[in-house]
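Bear in mind that the values in this text are calculations on the coordinates, not laboratory data. The shown structure was predicted, so the numbers you read here are calculated from the model rather than taken from an experiment. So basically every Cβ, Gly included, is an ideal-geometry build from the backbone, and we count neighbours across all protein chains shown.
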Amino acid sequence: MHKYTDEQRQFILNNYKGIGTQELTDRFNRHFKMNLTVSTIKSYKANHKLNSGIKGWFDKGHIPANKGKKGQCAKGCEKSWFPKGHLPAQTDPIGTEKLLSDGYVWIKIDDKPKVPKRKNWIQKHVLLWEQKNGPVPEGHCLIFLDGDRSNIELSNLMLISRKTLAILNKRRLIRKDADLTRTGVQIAELLMAINRCTRNDE
């Protein structure tokens, strides 16, 4: 623990008001050619109940000095600003296809700015289905009959309910053979029908 001289104590007393502990420490060290830490000076202030009067917040009703003022910039700098609606040079063009981490091929369909990525992208197999059959109904999804997400053909897609999908996944009824998967869907729907009948009989 540092032992303060009378001169050092008087210096702190003369300088602590209106400045932060860091600034007070810097002034102290410069004046006395020492290397005390901020925590040392902070402890001294706390032990002697010395309050700088500085608060870490604005009082209620405080009006910022720059309220109502637009940002300032050097004259002519507006020439380098991007025009409204500008898209970065590396922006993917509409029609771009990408295999994402979910295992599906996504295709870009729009360039709307400042929206979640999936507002501008759609899974390619969903787009293919919707172009032929309309939107996928709520509570439903599409499955690949042969289990291959890269085989994006209408003949390889089937619309099912998410409840059916849950049973297919639980019973492992989606196979690499499209006919076996179709049979799996029938089994899943039969199990759901049996379950409904059982509940009705209770």
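Quick look at the numbers
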| item | result |
| --- | --- |
| Kirkwood estimate for segment 131-202, i.e. one over the average of 1/r between Cα atoms, Å | 13.0 Å |
| From phi via Karplus (6.51, -1.76, 1.60), per-residue ³J(HN,Hα) for segment 133-145 in Hz, x at Gly/Pro | 10, x, x, 5, x, 4, x, 10, 7, 10, 10, 8, 4 |
| Cβ-based charge dipole, segment 117-183, positive-most Cα from A166, F144, Q131 | A166 |
